[in-house]
Amino acid sequence: GAGVSQSPRYKVAKRGQDVALRCDPISGHVSLFWYQQALGQGPEFLTYFQNEAQLDKSGLPSDRFFAERPEGSVSTLKIQRTQQEDSAVYLCASSSRNRGNEKLFFGSGTQLSVL
Amino acid sequence: KQEVTQIPAALSVPEGENLVLNCSFTDSAIYNLQWFRQDPGKGLTSLLLIQSSQREQTSGRLNASLDKSSGRSTLYIAASQPGDSATYLCAVEYSGGGADGLTFGKGTHLIIQP
């Protein structure tokens with residue numbers, strides 16, 4: 001597609017529910033990032049993929065968070081047993097280079113609200 | 001740990017004014033610095049990317065400078081327009097090891113009054 005696509009656009013979950021957030025990067029983009037953006041804050045890094053390899057997951061806040069990109073294109077961020085503090089906008093970004101020195105293209109994000 | 005600070009947090013100016021947004025970072029070991037724009041309910045749009053070896057980049061009415069040694073960057077917006085109203089985020093890509101990805105500031109919320 002023309003840009004990075006994320007779905008769903010909005011997700012409301014009850015505390016304890018599992019959620020799955022999808023990211024379709026720009027076709028051919030090697031690098032894929034997930035960020036978490038709390039209200040009034042800048043995005044914070046969660047995890048990074050180069051093709052299908054998850055090279056960095058140091059930003060994932062707990063073992064309830066899991067991300068995958070099995071075929072090196074679409075990625076899914078899964079949050080198990082959601083908590084209220086997980087409420088945020090989850091942004092996906094992709095770029096064409098292996099690392100850095102390249103503009104990132106962001107999706108519109110998934111706004112997650114945990115009640 | 002790399003930290004990025006943006007000043008001011010919010011700014012409201014009349015249309016037509018030139019303005020400067022400031023960004024500072026604590027560790028000069030960076031690959032690049034980027035300025036992004038974020039509209040309400042939207043993702044981020046990359047405006048300018050400055051490599052660590054560069055001093056500035058220009059795009060239209062926007063000019064961004066980088067002083068890596070002092071850990072500072074500025075985004076200059078000339079002849080501001082109401083359509084420039086958005087949140088502007090500064091981010092650095094750290095080259096000193098540790099996590100991949102960008103480190104963002106909290107942003108400057110800009111309102112251009114018609």
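Scan the range A:86-94 and tell me whether some residue there is within 13 Å of chain B (Cβ to nearest Cβ), open to solvent by 10 Å² or more (accessible area, probe 1.4 Å) and not basic (Lys, Arg). The answer is yes; a qualifying residue exists. Only a single item in (1) surrounded by 12 or more Cβ atoms within 10 Å (Cβ to Cβ); (2) in a loop (DSSP other than H, G, I, E, B) is not met by B:Val92, and it is number (2). Please tell me if B:Ser69 is crowded, with 17+ Cβ neighbours inside 10 Å, part of a loop (DSSP other than H, G, I, E, B) and more than 14 Å from chain A (Cβ to nearest Cβ). So B:Ser69 fails the test. Highlighted here are the strands (runs of 3 or more DSSP E) found entirely within the range B:1-44 that include at least 3 residues which are within 12 Å of another protein chain (Cβ to nearest Cβ) and crowded, with 21+ Cβ neighbours inside 10 Å: B:30-38.
For the range A:2-40, filtered to residues that are hydrophobic (A, V, I, L, M, F, W, C) and more than 19 Å from A:Gln80 (Cα to Cα), the residue that is surrounded by the most Cβ atoms within 10 Å (Cβ to Cβ) is A:Leu32.
The values are calculated or read from the model by the stated rules, or taken from the named source; none is laboratory data. Every value quoted in this text rests on a predicted model; they were computed, and no experiment measured them. Every residue, glycine as well, gets a Cβ built from its backbone with ideal geometry; the counts of neighbours run over all protein chains shown. Protein only, heavy atoms only, side chains kept; ligands, DNA and RNA dropped before computing areas. Shrake-Rupley method; radii C 1.70, N 1.55, O 1.52, S 1.80 Å.
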